[in-house]
Amino acid sequence: MRKYIIAGNWKMNKNLNEAIQLVSDLKTELDGKVLNAEVVVAPTFIALEVVKSLVKNTSIKLGAQNMHSIDSGALTGEISADMLKSVGCEYVILGHSERRTIFGESDEFINQKVKQALKNNLIPILCCGESLEERENGSTFKVVESQIRACLNGLSNEEIKNTVVAYEPIWAIGTGKTATPEQAQEVHAFIRGLLTNLTNAETASEITIQYGGSVNAKNAKELLSKPDIDGALVGGACLKADSFRDIILSV
Ligand code: PEP
């Protein structure tokens, strides 16, 4: 059975002290609770090590927000999979729409990163999703299919099985405009079908497909009740421990 995964993407928020505070608050909020989902926090690079030490002996896992595709070298400002592994990361978010649109990352580059993550035993959370214009002109499925095909190109079935897919319609990220549970389920079912074509039904049924885009404590339960929505990638609402807790406990 695939697992539910609720991941919090802190983006470029929280200095070191604030990061310590947030993860400590989250630990307190989750203490003694029965969790039906894997919980992942993805702070900024500067906070990874301290957050890892604070989540030790809890069920909270560590993720990073990005990484480069090569092992090491003259790449000022970049970070490698091995470095993330060495501070205890288990997950890495790749292909987030902000990386694609603001930093110009292509599907080909993201594909290299996904391969590099898997080679280093990091679980990639591969983001995909259409813009508002693409949704309105009816090309959602085409866009999502081409992103997923290109980003998973050359991967074995086993590698695809070890990848998490996050469907994040760009028009819903940070806008307060969530896809309806029906809109999200429709795309998730389409993604599951595509993953079935790329692998097989058994493998595709094991892959966690998260929804992301203005998920909050109020809308999480209904979104997560849909058959192909296996978790959430949360931005704004993960920056407060109590709202992130409510999302986690909606599973
Ligand atoms: C995100 O950035 O992945 C995201 C889903 O953000 P928000 O929850 O703020 O829309």
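FYI, it's all coordinate maths here, none of it is from the lab. Owing to the predicted nature of the structure, the values given are computational and were not obtained by experimental measurement. All Cβ positions, glycine included, derive from the backbone under ideal geometry; neighbour counts span all protein chains shown.
Details
- Positions within the range 213-251 being more than 16 Å from Ile60 (Cβ to Cβ) and within 8 Å of the ligand (Cβ to nearest atom), in sequence order: Gly213, Ser214, Val215, Asn216, Gly235, Gly236, Ala237
- Among the residues of the range 31-49, those that are out of contact with any Gly (no Cβ under 9 Å at 6 or more places or on another chain) and either surrounded by 16 or more Cβ atoms within 10 Å (Cβ to Cβ) or closer than 14 Å to Ile248 by Cβ (or both) comprise Asp31, Gly32, Lys33, Val34, Leu35, Asn36, Thr44, Ala47.
Yes or no, residue by residue, for (1) closer than 21 Å to Ala117 by Cβ; (2) crowded, with 22+ Cβ neighbours inside 10 Å; (3) free of Cβ contacts under 8 Å to residues at least 12 places away in the same chain:
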{"residue": "Lys142", "(1), (2), (3)": "no, no, yes"}
{"residue": "Pro169", "(1), (2), (3)": "no, yes, no"}
{"residue": "Glu186", "(1), (2), (3)": "no, no, yes"}
{"residue": "Ala189", "(1), (2), (3)": "no, no, no"}
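- Restricting the search to helices (runs of 4 or more DSSP H) fully inside the range 90-201 and requiring at least 1 residues that are away from the ligand (no atom under 16 Å from the Cβ) gives 107-119, 132-136, 140-151, 157-161, 181-198.
- Of the set (1) part of a loop (DSSP other than H, G, I, E, B); (2) surrounded by 19 or more Cβ atoms within 10 Å (Cβ to Cβ); (3) more than 15 Å from the chain's Cα centre (by Cα), all apply to Ile207 but (3).
- Residue count, the range 114-138 (criterion: over 27 Å from Glu206 (Cα atoms) and either within 16 Å of the chain's Cα centre (by Cα) or surrounded by fewer than 15 Cβ atoms within 10 Å (Cβ to Cβ) (or both)): 5
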